[in-house]
Amino acid sequence: LTGVLDDCLCDIESIDDFNTFKIFPKIQKLQERDYFRYYKVNLKRPCPFWADDGHCSIKDCHVEPCPESKIPVGIKAGSSNKYSKAANNSKELEDCEQANKLGAVNSTLSNQSKEAFIDWARYDDSQDHFCELDDERSPDAQYVDLLLNPERYTGYKGPSAWRVWNSIYEENCFKPRSVYRPLNPLAPSRGGLGSVCHFSWTGLCLEKRVFYKLISGLHASINLHLCANYLLEETWGKPRWGPNVKEFTRRFDPAETKGEGPRRLKNLYFLYLIELRALSKVAPYFERAVVDLYTGNGHEDAESKALLLDIFRDTKSFHMHFDEKSMFAGDKKGAKSLKEEFRLHFKNISRIMDCVGCDKCRLWGKLQTQGLGTALKILFSEKEIQSLPENSPSKGFQLTRQEIVALVNAFGR
């Protein structure tokens, strides 16, 4: 890919250089820190749109939950009065780790992390605009260590997976007019699975083009990670994961996708620009002394915040940001109506993630959708962020820990 992206004044080569040499090494380090590696998620929420297809039975999709008695109390506590240090010992933690097979979502935590979660829960102040958030107090919500559960190909595919994306694109996405665009493999097809016509953007305003590109970019990101971390072979119970060039070609090569592959990848760059812009805009929120990436370990917390502020400095140094001021800039009534439509469409997409039948896919789908939703919330809250009080918690604009973790990890993806 080369050249300038549509709807912005940025070229692909500049993004590659900026990301490779400045952002990626730092964001990778940040994702490894305790504050950012644990994400609380409810993988048992029912699909709100259609009868459950049944969960993926492949072991790499499957979650083998630990027995209730063996889950560290700090994870399931939610309030300090349920916490007891005597409730766990290292033997139980080892048993719990053994119970989670390779590839399954591993919800075990290190001993030193348990206490921090209680304090994290106190820090959170739930306020959301673009996403349907999981209720963290639900007995089904659990902390997941993202480093132990990498996003990769699990074997989840077919009608169930297609149905999710079909619903996102066809029912919840502003999309370009197209003559022919079957996503459903069960529908009559003239060009094979997932084949797409050339889009016509005629009559589609900037805001709707942006929305479509963001969802397409998110789809491309997920597909790229499946291709890059693919189950290549499994011998004697020892799977080998790695890049699958054939799968990448099938999803992105112009010849295999009727010319659409490069456009999908360009939309990934566009998604990167939107989330990069959100990081640069939210910097003042974190630069205040009152905001702390709190884990209970003072030294680690200070290092994490220093690294995050360093990344913010880099994002501000980028000279070709997407200009979100060009969005929703028409007459006030029309702009307000379109913004609300934008928000409701995206909220619906976050709910569709509860229809994903593979738990690991659901985990990463929910996290990346929430990360993008948080980025949009930031971009539409510029005035509130600029007027934040320096030395007291903010009322006008607030991010929960879940939103912060999702934003950083989605951008890291």
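The values are calculated or read from the model by the stated rules, or taken from the named source; none is laboratory data. Only a predicted model underlies this, so the values are computations on that prediction, with no experimental measurement involved. Please note: Cβ atoms are built from the backbone with ideal geometry, for glycine as well, and neighbour counts cover all protein chains shown. Ligands, DNA and RNA are stripped out before the accessible areas are found, and what is left, the full protein with its side chains, is counted by its heavy atoms. Shrake-Rupley method; radii C 1.70, N 1.55, O 1.52, S 1.80 Å.
Quick notes on this one:
Okay, residues lined up against (1) of a type outside the set (Gly, Ala, Ser); (2) in a helix (DSSP H, G or I); (3) closer than 22 Å to SER387 by Cα:
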residue: LYS258; (1), (2), (3): yes, no, no
residue: LEU279; (1), (2), (3): yes, yes, yes
residue: ALA289; (1), (2), (3): no, no, yes
residue: LEU293; (1), (2), (3): yes, no, yes
residue: ASP301; (1), (2), (3): yes, yes, no
residue: LYS305; (1), (2), (3): yes, yes, yes
residue: LEU308; (1), (2), (3): yes, yes, yes
residue: LYS333; (1), (2), (3): yes, yes, no
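- Checking each residue in the stretch 275-285 for being touching a helix residue (DSSP H, G or I) at 6+ places or on another chain (Cβ under 6 Å) and touching a residue at least 60 places away in the same chain (Cβ under 8 Å) picks out GLU275, LEU276, ALA278, LEU279, LYS281, VAL282, PRO284, TYR285.
- Single residue of the stretch 19-35 satisfying the filter (open to solvent by 80 Å² or more (accessible area, probe 1.4 Å) and part of a helix (DSSP H, G or I)) that is farthest from LEU268 (Cα to Cα): LYS29
Yes/no per residue for (1) open to solvent by 40 Å² or more (accessible area, probe 1.4 Å); (2) farther than 20 Å from GLN28 by Cβ:
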| site | (1), (2) |
| --- | --- |
| GLU260 | no, yes |
| LYS266 | yes, yes |
| GLU275 | no, no |
| ALA278 | no, no |
| THR295 | no, no |
| HIS299 | yes, yes |
| ALA302 | yes, no |
| LEU308 | no, no |
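- Close pairs from the stretch 338-367: first assigned to a loop (DSSP other than H, G, I, E, B), partner polar (S, T, N, Q), Cβ under 7 Å, at least 6 apart: GLY357/SER160; CYS358/THR154
- Taken over the stretch 231-250, residues that are touching a residue at least 40 places away in the same chain (Cβ under 8 Å), crowded, with 16+ Cβ neighbours inside 10 Å and in a helix (DSSP H, G or I) amount to 0.
- Checking ARG313 against (1) open to solvent by 70 Å² or more (accessible area, probe 1.4 Å); (2) more than 26 Å from ILE12 (Cβ to Cβ); (3) assigned to a helix (DSSP H, G or I), the condition it does not meet: (2)
- In the stretch 243-289, the residues that are polar (S, T, N, Q) and in contact with a strand residue (DSSP E or B) (Cβ under 7 Å, 6 or more places away or on another chain): ASN244
- Taking the stretch 187-230 as the range and being assigned to a loop (DSSP other than H, G, I, E, B) and at pLDDT 50 or above as the test, the residues that pass are TRP201, THR202, GLY203, LEU204, CYS205, ASN229.
- Some residue of the stretch 382-400 being touching a strand residue (DSSP E or B) at 6+ places or on another chain (Cβ under 8 Å), in a helix (DSSP H, G or I) and open to solvent by 10 Å² or more (accessible area, probe 1.4 Å): no
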